[in-house]
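Here the structure comes first, spelled out in C-alpha cells, and everything after it is commentary.
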2 protein chains.
Amino acid sequence: MSKKTTIYDIAKVLNITAATVSRALNNNPRISEDTKKLVQKTAKKLNYKQNSLALALKSGKSKNVGVVLPIINRNLFSNVIRGIEEELNPMGYNVIICQTHDDEKKEADIIQNLLNAQVDGIIMSIARHTKNTEHFEQILKKNIPLIFFDRKIDVKGASSVTLDDFRGAYEATQHLIEQGCTKIAHFTVDRSVEIYRKRYEGYKQALLNNSVVFNEDYVLSLESKIESGKDAAKKLMELDIPPDAIFSASDLGALGAIQYLKGIGVQIPQDFCVVGFSNEPFTQFMELTISTVDQSPLLMGKTAAKVFLEQMNADNLKIERRMVLSPSLKIRKSSSRLDYTPS
Amino acid sequence: MSKKTTIYDIAKVLNITAATVSRALNNNPRISEDTKKLVQKTAKKLNYKQNSLALALKSGKSKNVGVVLPIINRNLFSNVIRGIEEELNPMGYNVIICQTHDDEKKEADIIQNLLNAQVDGIIMSIARHTKNTEHFEQILKKNIPLIFFDRKIDVKGASSVTLDDFRGAYEATQHLIEQGCTKIAHFTVDRSVEIYRKRYEGYKQALLNNSVVFNEDYVLSLESKIESGKDAAKKLMELDIPPDAIFSASDLGALGAIQYLKGIGVQIPQDFCVVGFSNEPFTQFMELTISTVDQSPLLMGKTAAKVFLEQMNADNLKIERRMVLSPSLKIRKSSSRLDYTPS
C-alpha cells in the first residue's frame with residue numbers, strides 16, 4: 001500500500017505551513033482565494049483525499065446514530081431498532097447498534113467509543129444496574145442528543161420514550177380478575193429496575209382497587225427465563241393455598257409456568273390463567289397462545305427517532321421530551337377462561 | 001461549551017508550527033526531547049485533549065469491528081453476534097452491528113460508513129441479492145480483514161465460516177426416510193442464494209441415494225414466513241397424491257405447515273412428519289416440538305472472530321480461510337414417528 005498524501009506533503013511542495021493547507025482546504029476565510037486555488041490544485045495533483053472521518057471530525061456530523069441496548073434478540077429491542085431505522089434511514093442516517101449485555105462498564109465504554117466515532121445522536125435503553133450518570137452527561141456536554149427508550153434514568157437534558165408499564169400491568173391484572181381469578185400471583189424481575197417496579201405496582205394497585213387480597217407469598221422474583229418460570233410455578237403450587245392465576249412480568253417466565261402447570265395436569269385456562277409481558281412472537285405460535293402485554297416497540301423506535309430528528313433540527317438543543325406510550329393487552333387462550341369452549 | 005484547545009493554540013503559545021506540535025505529541029523521532037517536553041507541558045496547561053478518533057486516524061487502529069448482516073432478530077444472526085462478542089470483547093474490541101435488510105445498496109453504504117469509522121475488521125453475512133463485489137474489494141484494498149459467515153460470496157482475499165448446508169439438508173431428509181416417509185416435499189427459499197440452493201441439493205441427493213422418487217410438484221419456493229408455510233402446505237395437500245413429510249429450509253415455513261396440517265386434522269407425526277431448519281428457539285417451546293437443523297451459530301461467531309484475530313496478528317494479512325462447520329440435526333416430536341406413543 002503506497003503512503004497516502006497528507007496535508008504535510010502539500011505544505012512541503014508549496015513551502016507553506018500545514019495549518020495553512022488545512023485552512024485552505026476547509027475554506028477558511030482567513031486564507032486568500034489565490035492560496036486556496038493553489039492548494040486545491042496541488043492537492044489534486046498529489047492525489048490527496050480528504051478522509052471522510054477527518055471531515056466528520058471537522059464538521060462534527062457523521063450521519064451516524066448509535067443505538068445502545070442490553071441485548072438485541074428480544075422482541076422489544078429488535079423492533080425498536082426496526083422503528084428507528086424506518087425513520088432515520090430515509091433521512092440519510094446510518095444506525096450503528098451496540099449491545100451492553102446489561103454491563104454498566106461496557107455501556108460506558110460503548111458510549112465513549114460512539115462519541116469517538118462522532119455519532120450525531122445516541123438512542124438507548126440502559127443496562128439493568130446502571131446507577132452512574134456520568135457517561136450520559138458526557139454525551140449531553142457535547143451537545144449530542146440523548147434519547148432513552150424503555151429503560152431510562154433521570155439525566156437533565158436527556159429525552160425519553162417509555163411504555164406505561166404500570167398501566168400494562170394494571171390492565172393485565174384487571175383482566176385476570178374479570179376472568180374470575182381470585183388468587184393472582186406475580187412473577188417479577190429485579191425490581192431495582194424501574195420498568196419491573198412499575199409492573200409490580202400496577203399489579204398491586206389493580207388488586208387493591210378490586211378488593212382482591214394481596215399476598216406476599218404470591219410474588220416471586222425471577223429471571224426472564226423458561227427454567228426460572230418452571231421453578232417459580234412449582235414453588236407456587238406447593239403453597240398451602242396455591243394461586244389460580246399468574247401475571248408474569250416476562251413472557252419467558254409465563255411460558256415456563258405454563259409448561260410446568262401442564263406437566264402436572266393443571267388445565268389452562270379452565271383451572272389456571274396466565275398472562276405474560278412483551279408479546280414475544282412465540283406467544284402467538286403456541287397451540288395454547290399466551291396472553292401478553294404489547295409494548296408497541298415499532299412505535300417506540302419511530303418516536304425515539306423523531307425526537308432525535310426534532311433535536312437535530314432545533315437551534316436550541318435543550319429540548320427535553322418525556323413521551324409515554326400506551327400498552328395494549330393481547331388477550332389469548334392462556335387467560336380466556338370465560339370464552340373457553342373445549343374443542 | 002467553551003472552545004476546545006487545538007494544536008494551533010499550543011503552536012501559537014510556543015511560537016512553533018502546528019506540524020511540530022503534532023509531531024511532538026505523536027512522539028516523532030524528528031523532534032527533540034526538549035521540544036516534546038515543552039509541548040506536553042503546554043498541552044497540559046491549556047487542557048488539550050487528543051481526540052481518540054484523531055488518534056485512530058493516525059494509528060489506523062480503532063479497536064472497532066463491524067458486524068454486518070441482513071437482520072438481527074434471527075436465531076442464527078443474534079447468536080453469531082454473541083459468539084463474536086464473546087471472543088472479541090475480552091481482547092478489547094468493540095462490536096458495531098449494522099443491518100442491511102437484504103438491500104445491496106444499503107450494504108455498500110454501511111461498508112463505506114464502517115470504513116470511514118476506521119474499523120479494524122468486518123465480519124459479515126451478505127444481503128440476499130448481492131452480486132457486486134466492489135464494496136468487498138474496497139475493504140480488502142485497505143488491508144482490512146473481511147470474514148464472511150453463513151452467506152458468503154467469492155472474493156479473493158476474503159475468509160469465510162459457513163455451515164455445511166448440503167449435509168444439514170441431507171441428514172434431515174435421510175431422517176425422514178428412516179421414519180418411513182416416502183413422499184417427502186421440500187420448502188425451499190430463493191435458490192439464487194447459495195445456502196438455500198445447497199439445502200435443496202442435499203434434499204435431492206438424499207432422495208436419490210435412498211431410491212426415493214423426486215417429484216418436482218413437491219418442491220415449493222416460499223418466503224421464510226408462517227403464512228407462506230400455511231399456503232404452501234395447503235397447495236401440497238390439494239395435490240392428487242399429497243406428500244407425507246416436509247423438509248422445510250426455514251423453521252417459520254415448518255411452523256406454518258404444522259399449523260395448517262393440524263387445522264385440517266392431519267396427525268403429526270403419525271400421518272405426517274415435518275423438519276425445519278435453523279433451530280429457532282420457538283421450535284423447542286411448542287407442545288409439539290419441531291425437529292430442525294442446528295447451525296452452531298455461537299461456534300460460527302467465535303470461529304469468525306478467531307479468523308479475524310489471526311489476521312490481525314499475522315504479519316501477512318493475506319490469509320484466506322474457508323471454514324465449514326457441521327450441522328446438527330435436532331430430532332423432536334414433529335418427526336419422531338417411530339418412537340411415537342400416543343399420550
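Read-outs throughout are calculated quantities, based only on the coordinates presented, and are distinct from any laboratory measurement. From a predicted model like this one, the values you see are computed outputs, not experimental measurements. Heads up, the Cβs are rebuilt from the backbone with ideal geometry, glycines too, and the neighbour counts pull from every protein chain shown.
Is there a quick way to get the dipole size of the protein assembly as shown? I mean about its Cα centre, with the Cβ of Lys and Arg at +1 and of Asp and Glu at -1; what is the value in debye to the nearest 20?
So the magnitude is around 4140 debye.
Could you work out the relative contact order of the range B:7-50? I mean the mean sequence separation of Cα pairs under 8 Å and 6+ apart, divided by the number of residues, in percent.
34
Please tell me which of these pairs span more than 22 angstrom C-alpha to C-alpha: A:K302/B:K106; B:K183/B:K234; B:K61/B:K105; A:K106/B:K61?
B:K61/B:K105
Taking the label point as lying 7 angstrom from Cα along the Cα-to-Cβ axis, what are the distances from B:V213 to the corresponding position in the remaining copies, in ascending order and in nanometres?
Result, one decimal in nm: 6.8.
By the scheme Lys and Arg +1, Asp and Glu -1, what is the net charge of all other residues having a beta-carbon under 11 Å from that of A:D164?
After counting each charged neighbour, the total is +1.
So what's the gap between the Cα centers of the range B:132-206 and the range A:114-186, to the nearest angstrom?
If you average the Cα positions of each part, the centres end up 40 Å apart.
Normalised by the residues of chain B, what does the relative contact order come to in percent, with Cα pairs under 8 Å and at least six apart?
RCO, chain B: 17 percent.
Residue by residue through the range B:103-110, which ³J(HN,Hα) values in whole Hz follow from phi under the Karplus form 6.51 cos²θ - 1.76 cosθ + 1.60 (θ = phi - 60°), with glycine and proline marked x?
Going residue by residue, I get 10, 4, 5, 5, 4, 5, 4, 4 Hz, with x marking Gly and Pro.
Once both axes come from the Cα atoms, what is the angle between helix A:251-263 and the longest principal axis of chain A, in degrees from 0 to 90, rounded to 10?
It is inclined by approximately 30 degrees.
Net charge around B:A127, counting only other residues with Cβ within less than 11 Å of its Cβ (Lys, Arg = +1; Asp, Glu = -1)?
+1
In degrees, nearest 10, range 0 to 90: what is the angle between the Cα axis of helix A:165-178 and the longest Cα principal axis of chain A?
So the inclination is approximately 20 degrees.
Among B:K204, B:K106, B:K141, determine the one that fluctuates most according to a GNM of chain B built with springs between C-alpha atoms less than 10 Å apart.
Looking only at B:K204, B:K106, B:K141, the largest GNM fluctuation is found for B:K141.
Using 0.36 nm per residue of separation minus the Cα-Cα distance, give me the extension gain between A:E104 and A:T35 in nm, one decimal.
Gain in length upon complete extension: 19.8 nm.
Quick check on the exposure proxy: order A:E194, A:E216, B:E33 from fewest to most C-beta atoms within 10 angstrom.
Ranking A:E194, A:E216, B:E33 by Cβ neighbours within 10 Å, fewest first, gives A:E216, B:E33, A:E194.
Report the charge-dipole magnitude of chain B in Debye, nearest 20, computed about the Cα centre from +1 at each Lys and Arg Cβ and -1 at each Asp and Glu Cβ.
2320
Net charge near B:C181, counting Lys/Arg +1 and Asp/Glu -1 over other residues with Cβ under 11 Å of its Cβ?
Here the charged neighbours net out to -1.
Based on DSSP H runs of at least 4 residues, each adding -39500 (n - 2.57), what is the mean residue ellipticity at 222 nm of chain B after dividing by all its residues, to the nearest 500 deg cm²/dmol?
Calculated mean residue ellipticity at 222 nm is -13000 deg cm²/dmol.
List the chymotrypsin sites (Phe, Trp or Tyr not before Pro) within the range A:257-341 that DSSP assigns to loop and that have no more than 15 neighbouring Cβ atoms inside 10 Å.
Within the range A:257-341, the qualifying chymotrypsin sites (Phe, Trp or Tyr not before Pro) (loop, at most 15 other Cβ atoms within 10 Å) are A:Y340.
Report the Cα-based extents of the range A:7-50 along its three principal axes, largest first, to the nearest Å.
Principal-axis extents of the Cα atoms in the range A:7-50, largest first: 24, 17, 16 Å.
Quick check for me: using +1 on Lys/Arg Cβ and -1 on Asp/Glu Cβ, what's the dipole size of the range B:7-50 about its Cα centre, in debye to the nearest 20?
Roughly 120 debye, rounded to the nearest 20.
Taking the Cβ of each residue in A:V275, B:V193, A:V68 as the centre, tally the other Cβ atoms inside 10 Å and list the residues starting with the fewest.
By the 10 Å Cβ count, ascending: B:V193, A:V68, A:V275.
Which one of A:L46, A:A24, A:I10 is farthest out on the positive end of the charge dipole of the range A:7-50, using unit charges on Cβ (Lys, Arg +1; Asp, Glu -1) and the Cα centre as origin?
Of A:L46, A:A24, A:I10, it is A:L46.
List, largest first, the extents of the alpha carbons of the range B:219-343 along their principal axes, each in whole Å.
Projected onto the principal axes, the Cα atoms of the range B:219-343 cover 63, 32, 21 Å.
Would you mind computing, in nm to one decimal, how far apart the modelled labels at A:E223 and A:D271 are, each placed 7 Å from Cα along Cα→Cβ?
Here the modelled spin labels are 3.0 nm apart.
Just B:G265, B:G301, B:G256 to compare: in a GNM of chain B, with alpha carbon springs under 10 Å, which one fluctuates most?
Of B:G265, B:G301, B:G256, the Gaussian network model singles out B:G265 as fluctuating most.
Distances from A:R191 to the same residue in each other copy, label points 7 Å out along Cα→Cβ, in nm, shortest first?
5.9
Kindly identify the protein assembly as shown as rounded, prolate or oblate by the Cα gyration tensor criterion: order the square roots of the eigenvalues as a ≥ b ≥ c, call it rounded if a/c is under 1.5, otherwise compare a/b with b/c, prolate if a/b is larger, else oblate.
Since a/c reaches 1.5 but b/c is at least a/b, the shape of the protein assembly as shown is classed as oblate.
Residues with amide H under 5 Å of A:L325's amide H, sequence separation 5 or more or different chain, H placed in the peptide plane at 1.01 Å from N; which?
Residues meeting the criterion, in which the H sits 1.01 Å from N, are A:T162, A:L163, A:D164.
Residue farthest toward the positive end of the dipole of the protein assembly as shown, with Cβ of Lys/Arg at +1 and Asp/Glu at -1: which of B:T292, B:F136, A:F272?
In the protein assembly as shown, that residue is B:F136.
How many nanometers, to one decimal and shortest first, lie between the label point of B:Q40 and those of its other copies, if labels sit 7 Å from Cα toward Cβ?
Ordered by increasing distance: 4.2 nm.
Using a Gaussian network model of chain B with C-alpha springs under 10 Å, which one of B:N64, B:N73, B:N15 is most mobile by mean-square fluctuation?
Ranking B:N64, B:N73, B:N15 by mean-square fluctuation puts B:N15 first.
P(r) for chain B, please, calculated from all Cα pair distances in 10 Å bins and given in %.
Histogramming chain B at 10 Å steps yields 5, 22, 23, 18, 13, 7, 5, 5, 1, 0 percent.
List the aspartates and glutamates whose alpha-carbon lies under 15 Å from that of A:K198, not counting same-chain residues fewer than 8 positions away?
A:D150, A:D164, A:D165, A:E171, A:D190
What angle, in degrees between 0 and 90 and rounded to the nearest 10, separates the Cα long axis of helix A:75-88 from the longest principal axis of the Cα atoms of chain A?
Value to nearest ten degrees: 40.
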